[in-house]
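K.L.:
The structure that follows is given in the form of structure tokens.
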Amino acid sequence: PTLDLKPERMWNYEIGLNHQILSRFKWEAVLFKAEGEDLIRLSGRWPNFKLVNSGTFTHTGYELMLEWLANERWQMGATWSKLDLQSQTLNAPGKKLTAYSTFTLGRVRVQANLVHVQDQYGADQRTLPMNDYTVVNGQMSVRLLKPLLLTVSVKNLLDADYQTLYGYPMPGRYMLGQLTVSL
């Protein structure tokens, strides 16, 4: 255990707007700011991780979200966020786009999502810049019988070469299968 940690102190300010047009289209915009001291953070690399206090900090950013229900079977959405952590940039993306689409037809549901990350660093002070990356995932679920759901997922469909933590490459394309039984 880390006995010399101080408790975190933080004020968080957030303002948001959202609106729904009929029952098909929603949007949301949020601005935020967090100010504080002694945020507890992970420091070092495996196997020598330790918890440390951050000192004072100010984090700001915004997030935009759109969602569209094209019809009863098809839904799409996207979220864009920008984050400014000042000097505390360790493994936190500065910009991130997430988009998804879901299509349902009878007992079959197909989903795809895309994640694009920019301005990520492997250390504080915007040092150890990491490559921007885009990952696409796909999933298909089929209700075989009322209690049985078969799901097949393909992760990192485009076989992107990327890291979310500096020095630890993520796996290439891989496939997962799952059978869920509801009792």
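The values are calculated or read from the model by the stated rules, or taken from the named source; none is laboratory data. Just so we're clear, the structure is a prediction, and the values are computed from it rather than from any experiment. Positions of Cβ are generated from backbone atoms using ideal geometry, with glycine treated the same way; all protein chains shown enter the neighbour counts. Note: areas computed on protein heavy atoms with side chains; ligands, DNA, RNA excluded. Shrake-Rupley method; radii C 1.70, N 1.55, O 1.52, S 1.80 Å.
K.L.:
Does the range 45-59 hold any residues that are part of a strand (DSSP E or B) and of a type in the set (D, E, K, R), and which are they? Walk me through it before giving the result.
P.N.:
If we filter the range 45-59 for residues that are part of a strand (DSSP E or B), which is where we start, we get 50-53, 56-59.
If the condition is that a residue be part of a strand (DSSP E or B) and of a type in the set (D, E, K, R), then Lys50 is the only one that fits.
K.L.:
Take Arg73 and decide whether it is more than 17 Å from the chain's Cα centre (by Cα), closer than 25 Å to Glu28 by Cβ and at pLDDT 95 or above.
P.N.:
Considered against the rule, which asks whether it is more than 17 Å from the chain's Cα centre (by Cα), closer than 25 Å to Glu28 by Cβ and at pLDDT 95 or above, Arg73 comes out as yes.
K.L.:
Here's another thing I want to ask about it. List pairs: first in the range 11-25 and under 21 Å from Met76 (Cβ atoms), second modelled with pLDDT of 95 or more and open to solvent by 90 Å² or more (accessible area, probe 1.4 Å), Cβ under 6 Å, 6+ apart or cross-chain?
P.N.:
Filtered contacts from the range 11-25: Phe25/Trp68.
K.L.:
Here's something else I'd like to know. Please state which one of Asn131, Asn113 is polar (S, T, N, Q), modelled with pLDDT of 95 or more and over 30 Å from Pro47 (Cα atoms). Steps first, answer last, please.
P.N.:
Details: Asn131 fails: over 30 Å from Pro47 (Cα atoms).
Going through Asn131, Asn113 in turn, the sole match is Asn113.
K.L.:
Could I ask something else about it? Let me spell it out: the conditions are (1) more than 17 Å from the chain's Cα centre (by Cα); (2) open to solvent by 80 Å² or more (accessible area, probe 1.4 Å), and Ser153 meets all of them except one. Which number is the exception?
P.N.:
Only one criterion in (1) more than 17 Å from the chain's Cα centre (by Cα); (2) open to solvent by 80 Å² or more (accessible area, probe 1.4 Å) is unmet by Ser153, namely (2).
Results for (1) among the aliphatic types (A, V, I, L, M); (2) surrounded by 15 or more Cβ atoms within 10 Å (Cβ to Cβ); (3) farther than 30 Å from His59 by Cα, shown as yes or no for each residue.
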{"residue": "Leu105", "(1), (2), (3)": "yes, no, yes"}
{"residue": "Val108", "(1), (2), (3)": "yes, no, yes"}
{"residue": "Gln111", "(1), (2), (3)": "no, yes, yes"}
{"residue": "Gly122", "(1), (2), (3)": "no, yes, no"}
{"residue": "Val136", "(1), (2), (3)": "yes, yes, no"}
{"residue": "Leu179", "(1), (2), (3)": "yes, no, yes"}
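K.L.:
Could you list, in sequence order, all residues of the range 1-58 that are open to solvent by 90 Å² or more (accessible area, probe 1.4 Å), among the hydrophobic types (A, V, I, L, M, F, W, C) and over 24 Å from Leu83 (Cα atoms)?
P.N.:
If the condition is that a residue be open to solvent by 90 Å² or more (accessible area, probe 1.4 Å), among the hydrophobic types (A, V, I, L, M, F, W, C) and over 24 Å from Leu83 (Cα atoms), then Leu3, Leu22, Trp46, Phe49 are the ones that fit.
K.L.:
Only one of these is out of contact with any Pro (no Cβ under 8 Å at 6 or more places or on another chain), in a strand (DSSP E or B) and among the acidic types (Asp, Glu): Glu67, Glu72. Name it.
P.N.:
After applying the criteria, what remains is Glu67.
K.L.:
Shifting gears a bit: How many residues are open to solvent by less than 70 Å² (accessible area, probe 1.4 Å) and at pLDDT 95 or above if we restrict to the range 81-92? Steps first, answer last, please.
P.N.:
Here is the first cut: in the range 81-92, the residues open to solvent by less than 70 Å² (accessible area, probe 1.4 Å) are 81, 83-85, 87-92.
Then drop every residue that is not at pLDDT 95 or above, which leaves 81, 83-84.
Number satisfying all stated conditions: 3.
Residue-by-condition table, conditions (1) closer than 23 Å to Asp119 by Cα; (2) surrounded by fewer than 11 Cβ atoms within 10 Å (Cβ to Cβ):
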{"residue": "Leu145", "(1), (2)": "no, yes"}
{"residue": "Leu148", "(1), (2)": "no, no"}
{"residue": "Leu158", "(1), (2)": "yes, no"}
{"residue": "Tyr168", "(1), (2)": "yes, no"}
{"residue": "Gly172", "(1), (2)": "yes, no"}
{"residue": "Ser182", "(1), (2)": "no, yes"}
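K.L.:
Regarding Ala70, is this residue among the hydrophobic types (A, V, I, L, M, F, W, C), open to solvent by less than 60 Å² (accessible area, probe 1.4 Å) and touching a Leu at 6+ places or on another chain (Cβ under 7 Å)?
P.N.:
Spelling it out, it is not the case that Ala70 is among the hydrophobic types (A, V, I, L, M, F, W, C), open to solvent by less than 60 Å² (accessible area, probe 1.4 Å) and touching a Leu at 6+ places or on another chain (Cβ under 7 Å).
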